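Here's the structure we're looking at; comments come further down.
The values are calculated or read from the model by the stated rules, or taken from the named source; none is laboratory data. Keep in mind that this is a model prediction, so the values were computed, not measured. Here the Cβ positions follow ideal geometry from the backbone for every residue, glycine too, while neighbour counts run over all protein chains shown.
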Amino acid sequence: MKINIVYDGKHGNIENIAEGLMDIIKESGNEAHIYYAKETEPEKIGDADIYIFGSPTHLRGPSRRIRRLIKKAHFAKKGTKYALFTTSSDGREKAAKKMEKMLKKRGLRKGAASLQLKIGGKKGPLEKDYKDKVERFLEEVAG
């Protein structure tokens, strides 16, 4: 199974989650590619069996770069699964809900419940049990 992880972030929390996901995916024998939104053009995101998007919550929504990539990326197969992970200081899922609407319009289908992780302030740290939550999230995504 090929899984593409597309993420954005400034302070390293989302990046740590994305890299952890990639390691777990590869350890399970699947193919994983990771794309940092700041360094990736929409046409560079390749085909996948599952897309995982990660974004911090900025002004009650996903980052501008993630929104841009979702709007402009070429998703070859309609109905491809996606999953989302986001961070926020208040624990709400506002960014995930907005990304869900965008991805549904693009023809992708939700493959797992969104993972919302709480951070302590803008720069973190992530909540204490975040690694356990990430592992359960990936089990649901791949299941």
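Per-structure values
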{"quantity": "Test: residue 24 is at pLDDT 90 or above and aliphatic (A, V, I, L, M)", "calculated": "no"}
{"quantity": "Filter result (free of Cβ contacts under 8 Å to residues at least 60 places away in the same chain, small (Gly, Ala, Ser) and closer than 24 Å to residue 3 by Cβ) within the stretch 117-143", "calculated": "143"}
{"quantity": "Breaking point among (1) closer than 21 Å to residue 25 by Cα; (2) surrounded by 12 or more Cβ atoms within 10 Å (Cβ to Cβ), for residue 132", "calculated": "(2)"}
{"quantity": "Extreme residue, farthest from residue 140 (Cα to Cα), among residues of the stretch 1-40 that are in contact (Cβ under 8 Å) with a residue 40 or more places away in the chain and hydroxyl-bearing (Ser, Thr, Tyr)", "calculated": "7"}
{"quantity": "Search result, residues across the stretch 26-47 that are more than 14 Å from the chain's Cα centre (by Cα) and not in a helix (DSSP H, G or I)", "calculated": "28, 29, 30, 31, 40, 41, 46, 47"}
{"quantity": "Filter result (assigned to a loop (DSSP other than H, G, I, E, B) and surrounded by fewer than 16 Cβ atoms within 10 Å (Cβ to Cβ)) within the stretch 88-105", "calculated": "89, 90, 91, 92"}
{"quantity": "Residue 114 small (Gly, Ala, Ser), surrounded by fewer than 21 Cβ atoms within 10 Å (Cβ to Cβ), out of contact with any Cys (no Cβ under 7 Å at 6 or more places or on another chain) and within 17 Å of residue 5 (Cα to Cα)", "calculated": "yes"}
{"quantity": "Test result for residue 85, of a type in the set (Phe, Trp, Tyr), within 15 Å of the chain's Cα centre (by Cα), at pLDDT below 95 and crowded, with 17+ Cβ neighbours inside 10 Å", "calculated": "yes"}
{"quantity": "Given (1) crowded, with 22+ Cβ neighbours inside 10 Å; (2) farther than 15 Å from residue 134 by Cα, number of the condition residue 42 does not satisfy", "calculated": "(1)"}
{"quantity": "Residue tally, condition at pLDDT 90 or above, more than 11 Å from the chain's Cα centre (by Cα) and not hydrophobic (A, V, I, L, M, F, W, C), over the stretch 62-78", "calculated": "7"}
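Yes or no, residue by residue, for (1) under 11 Å from residue 62 (Cβ atoms); (2) under 16 Å from the mean Cα position of the chain (by Cα):
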residue	(1), (2)
90	no, no
97	yes, yes
112	no, yes
133	no, yes
138	no, yes
